[in-house]
Amino acid sequence: MNCKEFERLISGFMDNKLDYRTLIAFREHIEACPDCKEELVIQILVTEGMARLEEGNAFDLQKELDKRLLEAQRKVRFHSGFVYVGMVLEFLAMLAIAAIVLWIIWK
């Protein structure tokens, strides 16, 4: 992912609408690119900070950023767990089919 792609995806990230693969690439890019991380911080400050300040609520930028990144990490882990379980079930199904075929052949 390059910086232009990252910038286009910020609003999707903010709205929690990025798919699994895009979210992984987004998180990897933010860890490697300090300029894009700064841009994300600015976007969070503008969207969330202004809304909260208008409501009269206090706003902690670092806490909000950490919360959003942690939420993204949980989403990736959750999806990765499903992928892993799916692979295990697929492997077991192939073993069962192989066992049935061998049983029919040797019968």
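See the values below:
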| read-out | value |
| --- | --- |
| For the stretch 59-107, the spread of Cα positions along each principal axis, largest first, Å | 72, 8, 5 |
| 222 nm mean residue ellipticity, helices alone, for the chain (DSSP H n ≥ 4; -39,500 (n - 2.57); rounded to 500) | -27500 deg cm²/dmol |
| Square roots of five times the Cα gyration tensor eigenvalues for the chain, Å | 45, 15, 9 |
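Rule-based calculations on the coordinates, nothing more; no lab input. Small disclaimer: the values here were computed from a predicted structure and weren't measured.
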